[in-house]
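To keep things clear, I will list the structure first and then write my remarks on it.
Throughout, read-outs are computed from the coordinates displayed, never taken from laboratory work. This one's a predicted model, so the numbers in the text were calculated from it and none came from an experiment. Here the Cβ positions follow ideal geometry from the backbone for every residue, glycine too, while neighbour counts run over all protein chains shown.
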Amino acid sequence: MAKLVAIDIDGTLLTSAQMISPATRAAIREVLDRGVRVVLVTGRSFPHARPFAEELGLTTPLILHNGALVKDVAGRVFDARLLDAETAREIIGRARAQRMDLIAFDDPDGDGQAVVETIAPENERLRRYLSRWQRPAASVPDLWRYVDHPVLALTTVDRWEKACRFADAIEREFRGRARVWRTEYPRRDMALLDFVSPESSKARALDRLARRWDIAPSEIMVVGDNRNDVEMFAYAGLGVVMGNAEEELKALGDYVTGTNDEDGLAQALRRFVLGEVLS
């Protein structure tokens, strides 16, 4: 019996319409009633994730920015692993050379702030990403000058192949100095990259919380759908991969459930946590 369930947000908790389905909401409510802890684990920022935790009535901390920040809905910070300014500035320099637009995520103690310099007119993917923010991004004339202090993350969204080439280059050059977390959607020709502290990952942040609660990895179930969830699949006692994940990722978990539009999360919770026999 799982004592802790860690759930990714996009492509897992949310449907394609960016909603929590009634079936998923009901299953999570029953899991909570059993005394099982539920933690949302995401690449999203605090203001972009908090509404879903509030909708579900969760009081557990959220794991944000792929593990760089852990804080609860009340804003209490449990952990923050920041990317140092020198490394961040070097990545900004490499991004400029490759014509990659970056966002700096800042303000770990407050409501969170996205900071941008300019976005190329052709980068509609990044513009759409920013348009989902409830708070508008702050605009600065020079992102390199702005980042004179540690930040939570540098993020970009771009065409899939272009973003993956840039991620490969940063991983080679900054090994040990920064982690690159990829959320890839090749069928949509899009990838989202997060550059964070080398100590930041969903699995590491989840482990720190589990230790706080005296929960062993074998007592943890994780559910996710993308590359930034793979380390969690290896860490937890049970790794459930969503049916909407890319085919190569499905082999990396212990079980493949339905898609996010088929209530795949609810199916997994009912099978493995609530002990129901599903037809």
- Item | Glu173-Arg211 FRET efficiency (beta carbon distance; Förster radius 30 Å; 0.05 resolution) | 0.40
- Give the calculated FRET efficiency between Arg29 and Ala234 to the nearest 0.05, with a Förster radius of 35 Å applied to their Cβ-Cβ distance. 0.75
- Query: Stretched out fully, how many nm does the piece from Asp109 to Asp148 gain, at 0.36 nm a residue minus the Cα gap?
  - Reply: 12.3 nm
- Cross-link reach from Lys250 to lysines, straight Cα distance under 20 Å and at least 8 residues apart if same chain, gives Lys202
- Under the Karplus relation with 6.51, -1.76 and 1.60 and θ = phi - 60°, whole-Hz ³J(HN,Hα) for the stretch 45-54, x at Gly and Pro, equal 7, 4, x, 8, 10, 3, x, 6, 5, 5
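Given the chain, what percent of its DSSP beta bridges are antiparallel, to the nearest 5? Could the numbers behind the result be given before it?
Working: 26 of 43 bridges.
Taking every DSSP beta bridge with both residues in the chain, the antiparallel ones total about 60 percent.
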- Query: Based on the Cα atoms of the stretch 85-196, what semi-axes does the equivalent ellipsoid have, where each is the square root of 5 times one gyration tensor eigenvalue, given in whole Å with the largest first?
  - Reply: 19, 18, 13
- Message: Taking amide H atoms as placed 1.01 Å from N in the peptide plane, list the residues 5 or more away in sequence, or in a different chain, whose amide H sits under 5 Å from that of Met100.
- Response: none
- Give me the distance in nm between label points sitting 7 Å out from Cα along the Cα-to-Cβ direction at Arg127 and Glu55, one decimal. 2.7 nm
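How much length, in nm to one decimal, is gained on full extension between Val277 and Glu246, taken as 0.36 nm per residue of separation minus their Cα-Cα distance? Mind showing how you got there, number by number?
Details: separation 31, 0.36 × 31 = 11.16 nm, distance 2.67 nm.
Working it through step by step, the gained length comes to 8.5 nm.
For the stretch 85-196, what proportion of DSSP beta bridges, expressed in % and rounded to the nearest 5, is antiparallel? All intermediate terms of the calculation are to be shown ahead of the outcome.
Working: 19 of 21 bridges.
So the antiparallel bridges amount to about 90 percent of the total.
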